[in-house]
Amino acid sequence: MLDLATAPGVRAHKPDKLRELGIMSLNGMFDEMDGVAVLRQAVEELLVDDVAIVSSFGADSSVLLHMVSEVNKDLPVYFLETGKHFPETLDYVETLKRQLGLTNVIALHPDAKDIERFDPKGDLWETDPDSCCHIRKTEPLDATVSGFGGWVTGRKRFQTAERGVLPHFELTSDDRIKVNPLAYFSDADITTYKLKYGLPEHPLYNKGYKSIGCAPCTSVVAEGEDPRAGRWRGLNKKECGIHFDFNGAIAKPMAAQELNLFKDGAFIADPFRAWAEGDDAASVRYTHIPLPVFLEHREAVLANPHPVGLLVSPGDNVELVQGDLDRFSSIAINFPAFGDGRGYSSARLIAERYGYKGELRAVGDVLHDQISHMRRCGMNAFVVKHEPTRKALEEGKLATVDLFYQPVGLTEVPVGTRPFLRRALENA
Amino acid sequence: MYRYDEFDAAFVKERTAQFSDQVARRLTGELNEDQFRPLRLMNGLYLQLHAYMLRIAVPYGTMSSKQLRMLARIARDYDRGYGHFTTRQNIQFNWPKLRDIPKILADLASVEMHAIQTSGNCIRNITTDQFAGATADEIIDPRPVAEILRQWSSLHPEFSYLPRKFKIAMTGSTNDRAAIRFHDIGLQAATNALGEIGWEVWVGGGLGRTPMIGKQISPFVPHEHLLAYLESILRVYNRYGRRDNKYKARIKILVHETGIDTIREQVEEEFAHVKGGVLTLPQQELDRITKYFAQPDYELVNETTVDVAKEKILNPPYGRWLERNLNAHRQPGYVSVTISLKPTGGAPGDATDKQMEVVADLAERYSFDELRVSHEQNLVLPHVRVTDLPAVYAKLVEHELAEGNAGQITDIICCPGLDFCALANARSIPLAQELSRKFASPERQAEIGDLKIKISGCINACGHHHVGHIGILGVEKKGTELYQITVGGDATENAAIGNILGHGFVVEDVPAAIERLVDLYISKRESADESFIAAYRRLGDAPFKEALYGNA
Ligand code: HEM
Ligand code: SF4
Ligand code: SF4
């Protein structure tokens with residue numbers, strides 16, 4: 001644990017009694033007030049231009065973020081991009097940003113040097129989750145939040161036994177203020193609030209994940225179980241970091257140069273890994289299970305509580321898994337060589353015929369000049385290793401033909417791209 | 001003729017820009033040859049023995065005079081003053097520089113032409129009857145549907161990395177001049193019981209090292225479902241076609257190994273899903289495209305005839321030309337004229353920049369600005385008024401384009417062979433030239449009648465040797481070029497693959513061997529009306545074998 005009071009360069013101080021009293025009275029005043037009022041007080045009176053919001057973009061984050069959007073859409077919202085998130089979480093960030101109109105969502109990445117030094121293989125979470133959280137959450141957040149007089153969290157009293165007494169306002173040991181607008185919200189309040197404002201659910205919520213953090217450290221919570229029991233299941237660990245406690249989460253660390261997954265216009269860390277000899281279909285997580293393996297161990301995979309993906313290689317018959325596709329949080333279409341075009345047919349069947357809506361990624365020999373074809377066949381994510389291709393994507397300089405002659409199922413967006421429909425419209 | 005609208009123009013422009021970018025990346029070395037190869041092939045750019053070769057699509061073989069003039073200009077400015085018309089109804093330039101390619105493509109784009117998908121493992125330029133829309137023996141002009149297929153297949157995202165190249169040919173006539181039985185898919189216009197016109201679909205034909213005659217997969221597919229049906233075939237092929245061996249990767253092998261009945265079932269199953277979806281072709285769209293191919297404003301003239309017999313006496317070369325190089329037209333008073341690119345001693349299919357310009361002028365003046373490329377490597381003026389024939393002929397004579405040998409023994413199909421092609425075993429052009437000299441005498445040719453010789457420099461069969469009445473194939477044995485002779489091939493609706501009758505010949509012996517086959521035929525034919533191929537069918541291999549190899 002990092003002791004801020006003694007860390008070099010951090011001012012030592014004695015507790016400010018007046019502040020403590022002020023916080024106590026604030027808590028008294030706002031005891032019965034609703035969350036938005038608490039937030040407004042913090043943003044407009046207590047910590048003007050001096051407050052940050054920290055959100056995990058987990059199962060319940062939409063409520064706090066909605067409140068933020070009511071108060072001020074430009075407030076800085078920090079998201080810990082630990083590199084270990086479920087792809088669904090990353091999708092969800094985008095969904096909420098869009099739907100709530102938040103203009104200032106900022107991803108905080110772990111320090112690449114720390115990752116290289118402490119977690120080069122990305123498996124620190126397995127052996128030492130505290131340290132993993134430290135480098136992936138505590139450090140990045142600390143570095144950022146130390147510039148603010150306080151920050152807002154989405155913690156709730158009901159979440160774990162220890163949180164039963166969570167107040168609206170807290171003073172930290174270095175005299176900064178944590179604001180918890182949802183402190184008094186019950187499970188039912190959350191549900192009601194979400195319904196009232198039509199907030200989208202985290203894509204994993206309905207799959208049994210009630211408290212969502214980093215992928216490797218999160219599992220499904222049983223009915224009636226404490227929602228956070230799914231975090232760090234089996235490990236004697238309840239919270240992450242010392243000062244910062246929020247529903248953050250993550251998995252394998254990726255150094256910056258390993259951000260190989262191109263999705264939604266940017267390279268991001270890939271939470272998934274490839275299937276390896278000796279993997280157990282019943283318990284792997286974040287792994288693309290080859291289709292033939294899936295067929296062989298179908299029951300085990302369907303009972304596996306973790307997020308898993310499916311790997312479709314040339315020659316695999318996607319017909320055989322059409323009913324199970326929704327089980328997968330990601331489907332990877334494998335192009336062992338770019339000249340093998342079978343993946344295009346597989347992708348179209350998966351996306352168009354079987355209606356799979358999740359991440360459909362191209363892996364393998366993914367090159368510059370094939371990406372537009374892949375997109376049209378329904379692929380929406382690309383694992384890119386070829387450096388020039390990477391560069392072209394990063395710079396948005398893919399040389400492509402964006403005019404399409406032939407209709408291709410559902411990926412065909414602009415109306416004018418189908419010659420016959422284009423004409424039919426004109427003549428209508 | 002089809003005219004680009006804004007969309008087509010923008011499409012070709014983007015594609016040209018894309019390929020220019022790829023060429024630039026190759027020139028800077030960002031792309032290595034391995035990475036560049038599939039990209040250039042997708043744009044018709046081959047690396048040949050001596051230089052790059054650029055293949056330009058002539059969609060379904062139809063061109064305007066403006067387009068041909070541009071080809072002439074390219075031949076002059078970027079090549080060595082000539083171009084080579086191919087059995088795929090395309091034109092190839094043999095000497096362009098890589099750095100000039102973007103400029104050439106931009107020039108082409110300015111006249112609505114391009115090199116997209118003239119190579120690579122994708123759906124290639126769709127070929128058809130060179131007399132489409134003009135000929136008297138046609139059920140329907142296949143070009144509107146060909147144009148729709150061109151659009152459907154252009155940069156198709158699912159079918160750009162097929163196991164192998166994919167060639168579609170179609171004919172609107174029951175007299176097949178497009179060799180549809182020897183294409184991956186052949187489409188034959190057909191009429192169903194209700195009298196509606198649609199397409200009979202053949203699949204799995206091909207030449208190359210394993211020649212196969214296509215098999216009927218569907219007797220009738222209506223226009224509106226044709227795209228869905230073809231997409232179903234392509235999907236089955238893309239998924240199940242062999243990729244382990246490039247010599248077994250064509251759809252003909254899939255059909256052969258799987259069996260046409262199983263393939264048909266797979267296609268039907270796929271079709272059941274695809275049919276009625278986004279690929280359904282609205283009649284409105286078919287009508288719209290058909291308008292581009294409307295018949296020109298013919299002058300209404302009475303049936304005009306030329307007295308060929310009389311002309312043959314007055315001016316024998318002209319008479320022969322009239323007899324051989326005209327095809328009956330649907331419109332009274334008009335004919336289609338074949339311009340032979342097979343002069344005595346010439347390289348089949350080659351035309352100089354000047355000759356292209358002359359033909360362009362003739363097309364503009366006498367054929368409603370339209371011309372065609374035939375798979376037999378000739379050019380065609382599709383709509384010429386019978387009364388204009390003397391003027392057209394006179395102009396052709398001036399430029400050595402007036403050979404009256406269409407369909408005769410010197411109208412040889414010939415691939416580039418060892419003179420240009422990196423894959424060749426043997427020369428083919430010099431042999432074609434030698435044969436055309438040997439049989440140059442018009443009287444001799446007239447005596448022989450219809451006889452198609454086709455020459456390929458290697459087993460890839462670009463010169464269609466399998467379907468020549470007499471086919472010649474260059475092979476290599478212990479370092480010497482040998483030529484295998486086949487007999488009895490036929491590319492038409494009576495499709496047949498020629499038989500190899502024995503060992504190959506060294507080049508000096510080939511002309512004499514061909515002569516022996518011809519002499520045998522003449523001596524055995526029932527009458528002058530029995531063609532070489534008819535006589536062969538009646539007589540079988542034995543006498544021809546004996547003619548080639550003696551009694552041994
Ligand atoms: C000069 C460079 C050329 C190269 C490297 C080349 C290469 C090939 C190859 C490898 C094949 C066999 C494909 C297969 O069976 O899978 C083939 C077939 C063919 N090529 Fe070419 N070719 C060339 C020129 C031409 C020319 C000039 C023509 C037209 C005159 C042509 C027309 C064809 C045709 C009609 C086939 C028919 C075989 C089939 O469809 O099964 N090619 N070519
Ligand atoms: S949640 Fe797990 S993986 Fe993520 S930072 Fe904490 S311990 Fe590491
Ligand atoms: S047949 Fe052979 S030699 Fe002739 S062009 Fe084709 S590949 Fe070259």
Inset, instruction - Go through B:74, B:56, B:104 for me and flag whichever is within 14 Å of ligand 1 (Cβ to nearest atom), open to solvent by less than 10 Å² (accessible area, probe 1.4 Å) and of a type in the set (A, V, I, L, M). - result: B:56
Inset, instruction - Pull up region B:292-318, narrow it to residues that are free of Cβ contacts under 8 Å to residues at least 60 places away in the same chain and assigned to a helix (DSSP H, G or I), then point me to the one that is most open to solvent (accessible area, probe 1.4 Å). - result: B:313
Legend entry - The one condition in (1) within 30 Å of residue B:93 (Cβ to Cβ); (2) not in a loop (DSSP other than H, G, I, E, B) that residue B:516 fails to fulfil: (1)
Inset, instruction - Considering only residues that are within 16 Å of ligand 2 (Cβ to nearest atom) and of a type in the set (Ser, Thr, Tyr), look in region A:194-218 and name the one that is nearest to residue A:56 (Cα to Cα). - result: A:211
Inset, instruction - Evaluate the following for residue A:403: is it more than 21 Å from the chain's Cα centre (by Cα), open to solvent by less than 30 Å² (accessible area, probe 1.4 Å) and facing chain B (nearest Cβ under 9 Å)? - result: no
Legend entry - Among (1) at pLDDT below 85; (2) open to solvent by less than 20 Å² (accessible area, probe 1.4 Å) - the single one residue B:41 does not satisfy: (2)
Legend entry - Condition broken by residue A:302, with the remaining ones in (1) part of a helix (DSSP H, G or I); (2) in contact with a Pro (Cβ under 6 Å, 6 or more places away or on another chain) satisfied: (2)
Inset, instruction - Return yes when residue B:402 is among the small types (Gly, Ala, Ser), more than 16 Å from ligand 3 (Cβ to nearest atom) and touching a Leu at 6+ places or on another chain (Cβ under 6 Å) and no when it is not. - result: yes
Inset, instruction - Consider only pairs whose beta carbons are under 9 Å apart and that are at least six residues apart or on different chains; among these, list those whose first residue lies in region B:387-406 and is surrounded by 20 or more Cβ atoms within 10 Å (Cβ to Cβ) and whose second residue is among the acidic types (Asp, Glu). - result: B:396/B:403; B:403/B:411; B:404/B:323; B:405/B:411; B:406/B:376
Inset, instruction - Starting from region A:93-107, take each residue that is free of Cβ contacts under 8 Å to residues at least 24 places away in the same chain and list its partners that are crowded, with 19+ Cβ neighbours inside 10 Å and outside any helix (DSSP H, G or I), counting only C-beta distances under 6 angstrom and pairs at least six apart or across chains. - result: A:97/A:105
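Take the residues in region B:360-386 that are hydrophobic (A, V, I, L, M, F, W, C) and out of contact with any helix residue (DSSP H, G or I) (no Cβ under 9 Å at 6 or more places or on another chain), then tell me which one is surrounded by the most Cβ atoms within 10 Å (Cβ to Cβ).
Let us first name the residues in region B:360-386 that are hydrophobic (A, V, I, L, M, F, W, C), namely B:360, B:362-363, B:368, B:371, B:373, B:379-381, B:384, B:386.
Then drop every residue that is not out of contact with any helix residue (DSSP H, G or I) (no Cβ under 9 Å at 6 or more places or on another chain), which leaves B:368, B:386.
Working: B:368: 20, B:386: 18.
Ranking the qualifying residues of region B:360-386, first place goes to B:368.
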Legend entry - Condition met for residue B:323 (in contact with a helix residue (DSSP H, G or I) (Cβ under 7 Å, 6 or more places away or on another chain), under 30 Å from residue B:84 (Cα atoms), open to solvent by 30 Å² or more (accessible area, probe 1.4 Å) and modelled with pLDDT of 95 or more): no
Inset, instruction - Considering only residues that are outside any helix (DSSP H, G or I) and under 25 Å from residue A:351 (Cβ atoms), look in region B:217-275 and name the one that is least open to solvent (accessible area, probe 1.4 Å). - result: B:241
Inset, instruction - Kindly list the number of the only condition in (1) within 11 Å of ligand 1 (Cβ to nearest atom); (2) of a type in the set (A, V, I, L, M); (3) buried (at least 22 other Cβ atoms within 10 Å of the Cβ) that fails for residue B:426. - result: (1)
Inset, instruction - Could you tell me which numbered condition residue A:315 fails, if it satisfies all but one of (1) open to solvent by less than 10 Å² (accessible area, probe 1.4 Å); (2) over 17 Å from residue A:359 (Cβ atoms)? - result: (1)
Legend entry - strands (runs of 3 or more DSSP E) completely within region A:84-176 that count 1 or more residues being surrounded by fewer than 17 Cβ atoms within 10 Å (Cβ to Cβ) and at negative phi: A:105-108
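Give me the strands (runs of 3 or more DSSP E) completely within region B:114-204, filtered to those with at least 3 residues that are over 17 Å from residue B:372 (Cα atoms) and open to solvent by less than 20 Å² (accessible area, probe 1.4 Å), ordered by residue number. Write out each step before concluding.
Numbers: elements: B:168-171, B:185-191, B:197-203.
Output list reads B:185-191, B:197-203.
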Legend entry - Flag for residue A:419 being at the interface with chain B (Cβ under 8 Å from one of its Cβ atoms) and at pLDDT 80 or above: no
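So, of the residues in region B:21-30 that are at the interface with chain A (Cβ under 10 Å from one of its Cβ atoms) and surrounded by fewer than 17 Cβ atoms within 10 Å (Cβ to Cβ), which turns out to be nearest to the chain's Cα centre (by Cα)?
Filtering region B:21-30 for residues at the interface with chain A (Cβ under 10 Å from one of its Cβ atoms) gives B:21-22, B:24-25, B:30.
Next, from what is left, pick out any that are surrounded by fewer than 17 Cβ atoms within 10 Å (Cβ to Cβ): B:24, B:30.
Details: B:24: 32, B:30: 36 Å.
So the residue we want is B:24.
Residue B:491 - would you say it is in contact with a strand residue (DSSP E or B) (Cβ under 7 Å, 6 or more places away or on another chain) and within 16 Å of ligand 3 (Cβ to nearest atom)?
Details: in contact with a strand residue (DSSP E or B) (Cβ under 7 Å, 6 or more places away or on another chain): no; within 16 Å of ligand 3 (Cβ to nearest atom): yes.
Criteria not met by residue B:491.
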Legend entry - Checklist (1) touching a helix residue (DSSP H, G or I) at 6+ places or on another chain (Cβ under 9 Å); (2) open to solvent by 10 Å² or more (accessible area, probe 1.4 Å) applied to residue B:48, failing item: (1)
Inset, instruction - Looking at (1) open to solvent by 10 Å² or more (accessible area, probe 1.4 Å); (2) in contact (Cβ under 8 Å) with a residue 40 or more places away in the chain; (3) hydrophobic (A, V, I, L, M, F, W, C), find the lone condition where residue B:17 falls short. - result: (2)
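Each row is one residue, and each column tells you yes or no for (1) within 14 Å of chain A (Cβ to nearest Cβ); (2) farther than 20 Å from residue B:190 by Cα; (3) touching a Ser or Thr at 6+ places or on another chain (Cβ under 6 Å).
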{"residue": "B:226", "(1), (2), (3)": "yes, no, no"}
{"residue": "B:252", "(1), (2), (3)": "no, yes, no"}
{"residue": "B:259", "(1), (2), (3)": "no, yes, no"}
{"residue": "B:276", "(1), (2), (3)": "yes, yes, no"}
{"residue": "B:284", "(1), (2), (3)": "yes, yes, no"}
{"residue": "B:290", "(1), (2), (3)": "yes, no, no"}
{"residue": "B:314", "(1), (2), (3)": "no, yes, no"}
Inset, instruction - Return only the number of the condition from (1) open to solvent by 60 Å² or more (accessible area, probe 1.4 Å); (2) modelled with pLDDT under 50; (3) out of contact with any Lys or Arg (no Cβ under 8 Å at 6 or more places or on another chain) that residue A:189 does not satisfy. - result: (2)
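Rundown of residues vs (1) within 16 Å of ligand 1 (Cβ to nearest atom); (2) surrounded by fewer than 24 Cβ atoms within 10 Å (Cβ to Cβ), yes/no style:
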{"position": "B:413", "(1), (2)": "yes, no"}
{"position": "B:419", "(1), (2)": "yes, yes"}
{"position": "B:443", "(1), (2)": "no, yes"}
{"position": "B:456", "(1), (2)": "yes, no"}
{"position": "B:463", "(1), (2)": "yes, no"}
{"position": "B:470", "(1), (2)": "no, no"}
{"position": "B:491", "(1), (2)": "yes, no"}
Legend entry - Residues that are within 16 Å of ligand 3 (Cβ to nearest atom) and away from chain A (no Cβ under 14 Å), drawn from region B:228-250: B:247, B:250
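The values are calculated or read from the model by the stated rules, or taken from the named source; none is laboratory data. As the structure is a computational prediction, the values presented were derived from the model and not from experiment. Don't worry about glycine lacking a Cβ; one is built from the backbone with ideal geometry, like all the others, and counts go over all protein chains shown. Protein only, heavy atoms only, side chains kept; ligands, DNA and RNA dropped before computing areas. Shrake-Rupley method; radii C 1.70, N 1.55, O 1.52, S 1.80 Å.
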